[in-house]
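The values are calculated or read from the model by the stated rules, or taken from the named source; none is laboratory data. Remember, it's a predicted structure, so these values are computed and weren't measured experimentally. A quick note on method: Cβ atoms are made from the backbone with ideal geometry, for glycine too, and the neighbour counts reach across all protein chains shown. Surface accessibility is based on the protein's heavy atoms, side chains included, excluding ligands, DNA and RNA. Shrake-Rupley method; radii C 1.70, N 1.55, O 1.52, S 1.80 Å.
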Amino acid sequence: MTIDVMIPTYRPGREFIEILSRLTKQSCPVRKIILINTEESMLTEPVREAIAKLPEGMAQLTHISKAEFDHAAVRRRGMDCSGADFVLFMTQDAVPANDRLLEELSAMLQRDPRIAVAYARQLPKESAALTERCGREFNYPDRERIKGIDDLPELGVKTFFCSDVCAMYRRDVFYQVGGFEERAIFNEDMIYACKAMRAGYLVGYAARAEVFHSHNYGFWEQFHRNFDLAVSQADHPEVFGGISSEQEGMRMISRSFQYFTRHKKPWAIVPFLWQCVGRYSGYLLGKRYRKLPRRVVLFCTSNKEYWNRI
């Protein structure tokens, strides 16, 4: 099976250079690394040099403007640039934990032709705060799972959970079920997962495929992020309609308190709950974005360029 890697970039730094290095040392070889970079002027000389040092013919670099960026459209464009059997979508800050990342993801896809996409486990970086470590454990346990539409009564909205931080797609199925949406402010991965499942396919969580990826978001970062997340849910009732995300949020709060107690830091629930206020207030506004004045929407979103194209 041939494998291409697609990474959207915007002001990538030293961490991205390390990612490129680790991708060239995988036990399962990369055929091509497709890079779609936002704003050519933002690409530093060290990053340009790292790309140039990749094996001949491996890198395919394209530049776009910030106004052109869209989570779904850019990744669809990356898929169109590939001719591989499997395409791995990554972000510029997801660092492969070892040399078996591609091997584990592709093995899951090859295990069952019904698996349309397999996503990796995200481990916290050394700099991750306790609240972020808790979130990674909640969303990315150490046991793999294959999910289908029949899991909806048990898992709820988590049935469609999939993350393009690091997820490998079966390219033929991608086009068969219609691929990503033309435009998506967020959640293009979950929307695709739902589309694939409703077509009879499965989504795999490959717990042995690991990347280091975490962010120490504060109140406002959580607010803006969850506003955009809720907008995507409001725009796609065929995926999220009738499924409560609030129930999953309450389960996370309960599990987090247990996590903090287990680590003998119960006081950590206080900053965590403050983050939850940011998450939930952004989420509530995002679900009702059509009723908000445009200036309020532009204040709430983390992607103003998306709204300028509407």
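With the alpha-carbon atoms as the only input, what is the per residue convex hull volume for the chain in Å³? It would help to have the intermediate numbers written out before the result.
Details: hull volume 40.0 nm³, N = 310.
With only Cα atoms used, the chain gives 129 Å³ per residue.
In Å², what does the accessible area per residue of the range 1-135 work out to with a 1.4 Å probe?
It amounts to 43 Å² per residue over the range 1-135.
With a probe of 1.4 Å, find how much accessible area the range 217-310 has per residue, and write the answer as a whole number in Å².
On a per-residue basis, 59 Å².
Sort out the exposed loop GluC sites (Glu not before Pro) in the chain (DSSP loop, at most 11 other Cβ within 10 Å) and tell me the longest stretch that has none. Don't jump to the answer; show the numbers that get you there.
On the way: sites that count: E56, E126, E182.
Answer - 183-310.
Filter the trypsin sites (Lys or Arg not before Pro) in the range 78-138 to those in DSSP coil with at most 12 other Cβ atoms within 10 Å of their Cβ, and list the result.
Sparse-neighbourhood loop trypsin sites (Lys or Arg not before Pro): none present.
Which one of K291, K32, K195 has the biggest mean-square fluctuation once the chain is modelled by GNM with Cα springs under 10 Å?
Largest GNM mean-square fluctuation: K291.
State the percentage of accessible surface on the chain attributable to carbon and sulfur atoms; use a 1.4 Å probe and exclude ligands, DNA and RNA.
53 percent
Pick from T159, T261, T91 the residue whose mean-square fluctuation is largest in a GNM of the chain, springs joining Cα atoms under 10 Å.
Per the Cα network of the chain with a 10 Å cutoff, T261 tops the list.
Tell me, what is the 1.4 Å probe accessible area of L229, in Å² to the nearest 10?
40 Å²
Of the DSSP beta bridges with both residues in the chain, give the percent that are antiparallel, rounding to the nearest 5.
35 percent
Over the Cα atoms of the range 63-113, each weighted equally, I'd like the Debye log10 I(q)/I(0) at q = 0.24 Å⁻¹, rounded to two decimals.
After summing over all Cα pairs, the log10 values are -1.07.
So, in nm, how far is label T2 from label I310 when the simple model puts each one 7 Å beyond its Cα toward the Cβ?
Going from the T2 label point to the I310 one covers 4.0 nm.
For the chain, modelled as a Gaussian network with Cα springs under 10 Å, which listed residue fluctuates most, L101, L284, L202?
L284
Students sometimes get this wrong: rank Y10, Y289 by accessible area, probe 1.4 Å, all chains present, largest first.
Heavy-atom accessible area, descending, gives Y10, Y289.
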